[in-house]
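Participant: What follows is a structure written as structure tokens; I'll ask about it next.
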């Protein structure tokens, strides 16, 4: 068995910090209401997987994800992980505390990314990934592959 993963996590992630929006359109307020309420009630730096908030339709899903930077009246961090071939994709966002210095913002964002990376699946062979997905399909037949 290989000792190195077939795909390295640091090549499969993107991290962005989105500035707060002074004005959020009424359409976006409605579309992101549940997610905004959740983030507003959570303390800063608490990541939330947005999978359950995404629409089922693939086009609407893509638009929902693309419009995230324009959806909130507060600063958010965004973490995206894509393992390739849609075997596993994850997007997490968190509220950034705007009242702290830049060093603490970097420190907290780094901690969140390390925590999320630790929870991402690691496949050392293609067979391991295929077996994992088959097992999930047997145990969780209604789960979307992107959630796995």
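The values are calculated or read from the model by the stated rules, or taken from the named source; none is laboratory data. The model shown is predicted, which means the values in this text are computed figures rather than measured ones. Reconstructed Cβ throughout: ideal geometry from the backbone, glycine too, with neighbour counts over all protein chains shown.
Participant: Has segment 77-88 got any residue that is under 21 Å from residue 41 (Cα atoms), at pLDDT 90 or above and out of contact with any helix residue (DSSP H, G or I) (no Cβ under 8 Å at 6 or more places or on another chain)?
Facilitator: For segment 77-88, residues under 21 Å from residue 41 (Cα atoms), at pLDDT 90 or above and out of contact with any helix residue (DSSP H, G or I) (no Cβ under 8 Å at 6 or more places or on another chain): absent.
Participant: To continue, here is another question. Are any residues in segment 11-34 part of a loop (DSSP other than H, G, I, E, B), touching a strand residue (DSSP E or B) at 6+ places or on another chain (Cβ under 9 Å) and within 20 Å of residue 49 (Cβ to Cβ), and if so, which ones?
Facilitator: Once the filter is applied, which keeps residues that are part of a loop (DSSP other than H, G, I, E, B), touching a strand residue (DSSP E or B) at 6+ places or on another chain (Cβ under 9 Å) and within 20 Å of residue 49 (Cβ to Cβ), segment 11-34 yields only 12.
Participant: Right, something else. Please go through segment 106-148 and pick out each residue that is touching a strand residue (DSSP E or B) at 6+ places or on another chain (Cβ under 8 Å) and either assigned to a loop (DSSP other than H, G, I, E, B) or modelled with pLDDT of 70 or more (or both).
Facilitator: Correct list: 109, 112, 113, 116, 117, 120.
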